[in-house]
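First the structure, in the form of structure tokens, and then the observations on it.
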Amino acid sequence: MEYQKAAELNGFSNGKIVTEYLCRNGFSELTVDTKKVAVQHKNETSRKEAEDESRLPALEAAYTTILRGLGENTDRQGLLKTPLRAAKAMQFLTKGYHETIYDILNDAIFDEDHEELVIVKDIDMFSLCEHHLVPFFGKVHIGYLPSKKVVGLSKLARIVEIYSRRLQVQERLTKQIAMAISEALQPVGVAVVIEAAHMCMVMRGVQKMNSRTVTSTMLGVFREDPKAREEFLALTKSAK
């Protein structure tokens, strides 16, 4: 018996995402569960949220100690809830520790007969310097040369989010993004460039307002072939 895939439903059936198939000969419709992973992901998310909640009191107490160490009165009105707010903010800013690329990619990798360069540029990035716990932020440019597989474009931005929402140094962040894309897609090559401003150089230390740090990671053909590398760099620098 042959069945034709009619539509993928974004809704849920009994708490599960389903894909609907219609029988060509007019028999009853069949609803087939094709995404058990969605339920597993939901359970994993709940577990991680519970872990964050359990760790919150220790973080709150730590921020209270820091404020008192600075000579502040943590009982004054403006600071009464600051330790809790700061603890929750830090958990959000480092939520990438709880995520992997497999959490977001799911079924967003597609077989496609496309072998030309794909670039997503000017992806906003915010992270925390692991040396001083102050922000650095800027733009990420990603390019890859597919090998019969492409990924949903928004997923590239989500990969950036996963690795930037951790305590980082820019050099490692650049490489982690490139390696994650390479592992997931097995492309002919991956190129990643990050340009960022570091508050540890702006707000403290040398206090150079206009300094920018540029890092790159080139894998596969982008490392081996100067022309491929030049094409990527030229396209990421082109006028917006």
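Scanning the range 102-116 for residues that are among the hydroxyl-bearing types (Ser, Thr, Tyr) and either part of a strand (DSSP E or B) or farther than 26 Å from Val169 by Cα (or both) gives no hits.
Filter the range 117-149 for residues that are open to solvent by less than 20 Å² (accessible area, probe 1.4 Å) and not in a strand (DSSP E or B) and give the result. Of everything in the range 117-149, just one residue is open to solvent by less than 20 Å² (accessible area, probe 1.4 Å) and not in a strand (DSSP E or B), namely Pro146. A search for C-beta distances below 7 Å between a residue of the range 50-69 that is farther than 17 Å from Leu93 by Cβ and any residue that is open to solvent by less than 60 Å² (accessible area, probe 1.4 Å) and not in a helix (DSSP H, G or I), counting only pairs 6+ apart in sequence or on different chains, returns Thr64/Thr74; Leu67/Thr74; Arg68/Thr74. Taking the residues in the range 76-93 that are more than 17 Å from Ser54 (Cβ to Cβ) and of a type in the set (S, T, N, Q) as candidates, determine which candidate is most open to solvent (accessible area, probe 1.4 Å). Among them, the one singled out is Gln77.
If the condition is being touching a residue at least 60 places away in the same chain (Cβ under 8 Å) and open to solvent by 50 Å² or more (accessible area, probe 1.4 Å), then the range 176-219 contributes Glu183, Val188, Met203, Arg204, Arg212. Among the residues of the range 94-116, those that are more than 21 Å from Val134 (Cα to Cα), charged (D, E, K, R) and surrounded by 14 or more Cβ atoms within 10 Å (Cβ to Cβ) comprise Glu99, Asp103.
The values are calculated or read from the model by the stated rules, or taken from the named source; none is laboratory data. Keep in mind the model is a prediction, meaning the values are calculated, not measured. No Cβ is skipped: glycine too gets one built from the backbone with ideal geometry, and neighbour counts run over all protein chains shown. In case anyone asks, the SASA skips ligands and DNA or RNA and just uses the protein heavy atoms, side chains included. Shrake-Rupley method; radii C 1.70, N 1.55, O 1.52, S 1.80 Å.
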